[in-house]
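The values are calculated or read from the model by the stated rules, or taken from the named source; none is laboratory data. Remember, predicted model here, so these are calculated numbers, not experimental data. Ideal geometry is used to build each Cβ from the backbone, glycine not excepted, and the neighbour counts take in all protein chains shown. To get the accessible areas, we keep the full protein, side chains included, count just its heavy atoms, and leave off ligands, DNA and RNA. Shrake-Rupley method; radii C 1.70, N 1.55, O 1.52, S 1.80 Å.
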Amino acid sequence: MRGKDTTLALPTLTPEQRAEALAKAAEARKARSELLASIKSGKESIEKVLKQAKENKTIGKTKVTQLLKAVPGLGAVKVAALLEQAGIDPDRRAAGLGERQREALIDALK
């Protein structure tokens, strides 16, 4: 089947479905920004947040890089080094972390 481009058509949404999807996405962005702000302010510890990633959809769908950059004192360079040290892809989402990866990150942050 080489050489054939197969494309799937996206389902057409009714205006109501589209509005609902946009509202849901806006809600998710708001929840994610509140989560990052709580990490940045120190209300939530990164260890606690990472341990909740499997149960909490907002945390689970957030990229690990974003979560780490919210930690005071961690910038892009330190975050990249931490992820490489723990063997974690920079595009990995929090729910996709394995137990060993999560523990390696938490240990590296102590």
**Report entry** In degrees, nearest ten, helix 99-109 long axis to first principal axis of the chain (Cα)
**Finding:** 50
Requested in this report: Provide, for q = 0.14, 0.15, 0.24 Å⁻¹, the log10 of I(q)/I(0) from a solvent-free Debye sum over equal Cα point scatterers in the chain.
Outcome: -0.65, -0.70, -1.31
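Return the FRET efficiency for the residue pair ALA37, LEU8: r is the Cβ-Cβ distance, R0 is 41 Å, and the value is rounded to the nearest 0.05.
Values: r = 37 Å, r/R0 = 0.91.
The formula returns an efficiency of 0.65 here.
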Requested in this report: Report, to the nearest whole %, how much of the accessible area of the chain belongs to carbon and sulfur atoms, 1.4 Å probe, protein only.
Outcome: 53
Report summary line: The answer for the chain, accessible area per residue at 1.4 Å probe in Å², is 73
Query raised in the report: Simple spin-label model, 7 Å along Cα-to-Cβ: LYS63 to GLU103 in nm?
Result: 2.8
Query raised in the report: Taking the Cβ-Cβ separation of GLN52 and ALA21 as r and a Förster radius of 30 Å, what is the calculated FRET efficiency to the nearest 0.05?
Result: 0.70
